[in-house]
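This report concerns only the one structure given below.
The values are calculated or read from the model by the stated rules, or taken from the named source; none is laboratory data. Quantities reported herein were computed from a predicted structural model and do not represent experimental measurements. So basically every Cβ, Gly included, is an ideal-geometry build from the backbone, and we count neighbours across all protein chains shown. Calculation scope for accessible area: heavy atoms of the full protein, side chains included, ligands and nucleic acids excluded. Shrake-Rupley method; radii C 1.70, N 1.55, O 1.52, S 1.80 Å.
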Amino acid sequence: MPEICTFYGLVILMNYRDHSPPHFHVWYGEYKAMVTIHDGVVKGEMPQRALKMVFDWMELHHKELLADWDLAQKGSRLNKIEPLK
């Protein structure tokens, strides 16, 4: 699963040719979650503080996430996305 961003111990990944809806995966220590790009639905477990950072980052990079999703559906190389600062 390609890594598209890391910040504050959070690792953001996206699978190639993954199922809909458009989403990405987040790993944080022993926690793992899946977050939908359009509506922010979370499946899995993640500490609230970490999840807030993920949502802040997702809001800043929404268009880039959708562009990477489109690339992933085609099996193309994904672009790295700027981390939350």
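Here the label points at SER20 and LYS80, each 7 Å from Cα along the C-beta direction, are separated by 3.2 nm in the simple model. Sequence-distant contacts, meaning Cα pairs under 8 Å at least 6 residues apart, place the relative contact order of the chain at 29 percent.
So if each residue of separation counts as 0.36 nm, and I subtract the Cα-Cα distance between ARG49 and GLU64, what length gain in nm does that give?
Here the answer is 3.1 nm.
Give the range of the longest stretch in the chain that excludes all chymotrypsin sites (Phe, Trp or Tyr not before Pro) found in loop regions by DSSP and having at most 16 other beta-carbon atoms within 10 Å. Result for the longest clean stretch: 17-85. Measure nothing fancy, just the Cα-based angle from helix 48-60's long axis to the longest principal axis of the chain, in degrees from 0 to 90, nearest 10. Helix 48-60 sits at roughly 40 degrees to that axis. Rg/Rh for the chain (Cα atoms only, Rh after Kirkwood) is 0.92. In this view, the solvent-accessible surface of MET1, computed with a 1.4 Å probe and all protein chains in place, comes to about 100 Å². Report, in degrees rounded to the nearest 10, the 0 to 90 angle that the Cα long axis of helix 62-74 makes with the longest principal axis of the chain. Result, in degrees: 50.
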